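Each remark here refers to the structure printed beneath this line.
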Amino acid sequence: MSEQLDHAFWENRYRTSTPHVEPNPHLTVEAAKLPPGRALDAGCGEGAEAVWLAAHGWRVTAVDFATAALERARERADIRGPEVAGRIDWLAADLTEWVPPENGFDLVCSHYAHPVIGAETLLHRLAPAVAPGGTLLIVGHHPSDAHSAAHASGVHVTAEDLAAELDPVRWEIMMAENSSRTVTHGSHQVELRDAVLVARKIR
């Protein structure tokens, strides 16, 4: 049965679940192509992506509305030492209400965010935060992703739908791809189907 992915759900999940360790591979591949700059991690969760970015020289603003997630994220960063932890600003905010600074970041990324406003609306909220020449990376659950479908409804999107939301006069689509990958959950492996959008804001 699908669950309501509200604030209470995420607080409970981050207080009781096994910590997520590895950064999203779509991020590590795409960010490795870019010179370090200012990054926004929207819906940062336990901070795997934010810490990876900081460890690779980025100055990161990491946003999530779950305090339990941010507590785990800060602990993860602190373990890496002050050089990494000092590059991250943690912000408790709801992405359905918080508006990021316009043109404020060289990289804006979001991985599996589940805002009630929907993936396309979230994209329109995040896109203005990308500086000219900067990169937007959105990773979501594809409609064929059985793992997420078993837990929630209304969280799915295709890469084509995301790409269609961007003005081609202002954006260059670098990738709009629906891909699959296998991850380990506990003692078993799960196939994930991802919708991946990478776009560059035209200067």
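Beta carbons closer than 6 Å, at least 6 apart along the sequence or on distinct chains, never pair a first residue in segment 8-35 that is exposed (fewer than 15 other Cβ atoms within 10 Å of the Cβ) with a second that is at pLDDT below 65. Every condition in (1) surrounded by fewer than 21 Cβ atoms within 10 Å (Cβ to Cβ); (2) at pLDDT below 95 is met by Met174 except one, and the failing one is (2). The residues of segment 65-99 that are buried (at least 19 other Cβ atoms within 10 Å of the Cβ), aliphatic (A, V, I, L, M) and part of a strand (DSSP E or B) amount to a single one, Ile88. The set of residues from segment 36-55 being under 23 Å from Met174 (Cα atoms), out of contact with any strand residue (DSSP E or B) (no Cβ under 6 Å at 6 or more places or on another chain) and buried (at least 17 other Cβ atoms within 10 Å of the Cβ) comprises just one member, Trp52. When segment 24-35 is filtered for residues that are assigned to a loop (DSSP other than H, G, I, E, B) and either among the aliphatic types (A, V, I, L, M) or touching a helix residue (DSSP H, G or I) at 6+ places or on another chain (Cβ under 8 Å) (or both), the ones remaining, listed by number, are Asn24, Ala32, Leu34. For beta carbons closer than 9 Å, sequence separation of 6+ or different chains, a first residue in segment 157-175 that is without any contact (Cβ under 8 Å) to a residue 24 or more places away in the chain and under 16 Å from Leu126 (Cα atoms) and a second that is among the charged types (D, E, K, R) and not in a loop (DSSP other than H, G, I, E, B), the qualifying pairs are Ala164/Glu120. The conditions of being farther than 21 Å from Val196 by Cα, open to solvent by less than 10 Å² (accessible area, probe 1.4 Å) and aliphatic (A, V, I, L, M) are not met by Ala62.
The values are calculated or read from the model by the stated rules, or taken from the named source; none is laboratory data. Quantities reported herein were computed from a predicted structural model and do not represent experimental measurements. For neighbour counting, all protein chains shown are included, and Cβ atoms are generated from backbone atoms with ideal geometry for every residue, glycine included. These accessible areas exclude ligands, DNA and RNA; they are computed on the full protein's heavy atoms, side chains included. Shrake-Rupley method; radii C 1.70, N 1.55, O 1.52, S 1.80 Å.
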